[in-house]
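Please read the structure below before turning to the comments.
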Amino acid sequence: MQSSLKFKDLGSDFFAQVHTQKLENSSLIHINESLRQELSIKANEIELLSICSGEKPLANESPISTVYAGHQFGYFVPQLGDGRSCLIGEIDGLELSLKGAGTSPFSRGADGRAVLRSSIREYLCSIAMQGLNIPTTRALALVNSTSQVYREHVENAAIVTRVAESHIRFGHFEYFASQGHNENVKKLADFVIKYHMVELEQGDYLGLFKQVIESTSIMIARWQAQGFSHGVMNTDNMSILGLTIDYGPFSFMETYDPAFICNHSDTQGRYSFERQPSVALWNLQRLAGALESLIQEDQLKDALSTYEKILVKEYSYLMRSKFGLILQDEGDNNLINNFLDLLYTQKKDYHRSMRMLLNQNENLLGDNFKSWLKDYKKRMNKEENLTQSLNLMKQFNPKYILRNYLAEVAIREAEDLQKYEEIDILFRLLEKPFDNHLDYESYDSEPPDWAKNLELSCSS
Ligand code: AMP
Ligand code: MG
């Protein structure tokens, strides 16, 4: 059911009305069919294209871009905002947002566009994360065009239609708090509680903060267990609902390395893989700062002290499941950590190695793993139901991961040949990454030589 954008209830301090800017020769290159059905969108492809390219409004709603601030790489930027995205409407309580539909008052001199390459990556990663049970914004459609935009070189502009219950970020709170507009901090908190945390009573701001801590820690635990690196964990890229949001130079870990940095522009490694849990806590501390007018300092501190416990509990559950460990044994943590150490020293692929354990072809791991495998077998013999263990492993160790080279093949085909078949293949594999897709066995391979050093930057 279509309804008007609830976000507009907040009033004009929170957003600006915008006009989407037309793309040249726009074309719909992929639709997320199951999401389209979930939203009961009846529009035919021509109508859908006109909505998802920003040419026609959704149910006469006028688009808005919202204002937020954020800590970027540790430094506070007092005003950011949706510089290239806008909310175009709401269906069944889900906001639809166009990323790349033109400038807004928050574009800060940039062009308001998104390039095809990064739009393909965001589109595919949204489905990959959903397939992996990691909370994420979703993507309904991918639109290409012949409009030209300038990054390191000239590229085609594209638009991803994002879908989420809310696109509110930590930075939305920081924006009003930093200006001393505490009445708007309260208004925003009331709004989040009323519409997005319905089990809380109005005015339960501490409850709100606790929920953000919980959902964020669960999200991060799942990133860590599935080897996901976000790359730009600024507070403006942290969702108040604990959704993974704003896909840029993200990367799934391939060769296991805790110090892995996916963002080429992150020269200090602030957002390296192993730092993600502590960065998220740092970001939550910034949110706490923005909520000081609503919640007492000691309560904020107490709430923050639960973060690590929730994260460790979820991470441990996920990792134990990946190894098929159902019973508790005191040596389990060591067993898991020793395996990860071996993956690191032996430069092994994280996901493929886990699948070797699952498929019981662990001899492929090589001689260095022999002694560890002996320990693992001994441990598995303690399990009462091996079939149950294997089933668990199947549910937690994906066969298909959005490897950079796979995305790159799809991108090159789209950019050079205007062909989009690879996008469709990857979409289907990543939607169900734990299944064996028999005709696509090779899509779980490690990167070919040409793709070993692909570099990803913030440019998008
Ligand atoms: P991001 O790194 O994509 O999360 O963007 C950081 C900030 O820059 C956000 O406020 C974006 O809206 C804005 N931004 C990024 N790229 C563009 C662009 N091409 N045009 C306008 N604003 C942009
Ligand atoms: Mg962002």
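The values are calculated or read from the model by the stated rules, or taken from the named source; none is laboratory data. Predicted model only: the values in this text are computed from it and were never measured. Every residue, glycine among them, receives a Cβ derived from its backbone with ideal geometry; neighbour counts consider all protein chains shown. Keep in mind that these areas ignore ligands, DNA and RNA; they rest on the heavy atoms of the full protein, side chains included. Shrake-Rupley method; radii C 1.70, N 1.55, O 1.52, S 1.80 Å.
Work from the charge dipole of segment 323-460 (Cβ charges, +1 for Lys and Arg, -1 for Asp and Glu, about the Cα centre) and give the residue of Tyr405, Thr345, Gly331 farthest towards its positive end.
Positive-most Cα among the choices belongs to Gly331.
Student exercise: in segment 328-396, how many lysine pairs 8 or more apart or on different chains have Cα atoms under 21 Å apart?
The result is 12.
Tell me the volume per residue, in Å³, of the convex hull enclosing the alpha carbons of the chain.
Cα-based convex hull of the chain, divided per residue, equals 151 Å³.
With +1 on each Lys and Arg Cβ and -1 on each Asp and Glu Cβ, how big is the dipole of the chain about its Cα centre, in debye rounded to the nearest 20? Provide the component values of the computation, followed by the final result.
On the way: 47 positive and 62 negative charges, 92 e Å.
Using Cβ point charges on Lys, Arg, Asp and Glu, the chain gives about 440 debye.
Please report the carbon-and-sulfur percent of the accessible area for segment 194-317; probe 1.4 Å, protein heavy atoms only, DNA, RNA and ligands left out.
49
With +1 on each Lys and Arg Cβ and -1 on each Asp and Glu Cβ, and nothing else charged, work out how big the dipole of segment 68-155 is about its Cα centre, in Debye to the nearest 20.
The calculation lands at about 240 debye.
List the lysines whose Cα lies under 17 Å from the Cα of Lys56, skipping any in the same chain that are fewer than 8 positions away.
Straight-line reach from Lys56, under 17 Å: Lys22, Lys42, Lys99.
Could you tell me what percent of the DSSP beta bridges with both partners in the chain are antiparallel, to the nearest 5?
If we restrict to bridges inside the chain, about 95 percent are antiparallel.
For segment 326-460, what class follows from the C-alpha gyration tensor (a ≥ b ≥ c being the square roots of its eigenvalues): rounded when a/c is under 1.5, otherwise prolate if a/b is larger than b/c, else oblate?
Prolate, because a/c is 1.5 or more and a/b exceeds b/c.
Among 57-66, 169-178, how do they line up by average Cβ neighbours within 10 Å per residue, starting with the highest?
Per-residue Cβ counts within 10 Å, averaged per peptide and sorted highest first, yield 169-178, 57-66.
Would you calculate, for the chain, the mean residue ellipticity at 222 nm contributed by helices, counting each DSSP H stretch of 4 or more residues as -39,500 (n - 2.57) and dividing by all residues, to the nearest 500?
On the way: 15 runs with 185 residues, N = 460.
Helix-only estimate at 222 nm: -12500 deg cm²/dmol.
Might you work out the accessible area of Glu214 for me, using a 1.4 Å probe with all protein chains in place, and round it to the nearest 10 Å²?
Glu214 exposes around 100 Å² with every protein chain in place.
Which order do you get for Phe15, Phe369 if you rank them by accessible area with a 1.4 Å probe, largest at the top?
Greatest to least solvent exposure: Phe15, Phe369.
Please find the FRET efficiency linking Glu292 to Asp329, where r is the Cβ-Cβ separation and R0 is fixed at 35 Å, and quote it to the nearest 0.05. Write down the numbers at each step before the final one.
Details: r = 44 Å, r/R0 = 1.26.
About 0.20, to the nearest 0.05.
Roughly how many percent of the accessible protein surface of segment 328-396 is carbon and sulfur, given a 1.4 Å probe and a whole-percent answer?
Whole-percent figure for carbon plus sulfur exposure: 43.
Mind checking which lysines have their Cα closer than 28 Å to the Cα of Lys301? Skip sequence neighbours fewer than 8 apart in that chain.
List returned: Lys186, Lys187, Lys194, Lys210, Lys309, Lys313.
Report the one residue of Val312, Leu80, Ile127 whose Cα lies farthest in the direction of the positive end of the charge dipole of the chain (charges on C-beta: Lys and Arg +1, Asp and Glu -1; origin at the Cα centre).
Among Val312, Leu80, Ile127, the one farthest towards the positive end of the dipole of the chain is Val312.
Quick one: net charge around Asp416, please, counting Lys, Arg +1 and Asp, Glu -1 for every other residue with C-beta under 14 Å from its C-beta. Intermediate values should be presented prior to the final figure.
Values: positive: Arg117, Arg412, Lys419; negative: Glu155, Glu408, Glu413, Glu415, Glu421, Glu422.
Around Asp416, the surrounding residues sum to -3.
Output wanted: per-residue J couplings in Hz (rounded whole) for segment 352-359, from phi through Karplus 6.51 cos²θ - 1.76 cosθ + 1.60, θ = phi - 60°, x for Gly and Pro.
The phi angles translate into 5, 5, 5, 5, 5, 5, 4, 7 Hz.
Would you pull out the residues with amide H under 5 Å of Ser229's amide H, same chain only if 5 or more places away, H placed 1.01 Å from N?
Ser251, Phe252, Met253
If we count every other residue with Cβ under 15 angstrom of Tyr344's Cβ, Lys/Arg +1 and Asp/Glu -1, where does the sum land?
With Lys, Arg at +1 and Asp, Glu at -1, the neighbours total -2.
Just how far, in whole angstrom, is segment 234-274 from segment 150-211 if you go by their alpha carbon centroids?
So the two Cα centres are separated by 20 Å.
Taking the Cβ of Pro258 as the centre, find all other residues whose Cβ is under 12 Å away and add up their charges (Lys, Arg: +1; Asp, Glu: -1).
Net of charged neighbours comes to -2.
Can you bin segment 194-317 into rounded, prolate or oblate? Criterion: square roots of the alpha carbon gyration tensor eigenvalues sorted a ≥ b ≥ c, rounded for a/c under 1.5, prolate for a/b above b/c, oblate for the rest. Each step should come with its number before you reach the end.
Working: a/c = 2.05, a/b = 1.86, b/c = 1.10.
Verdict is prolate for segment 194-317.
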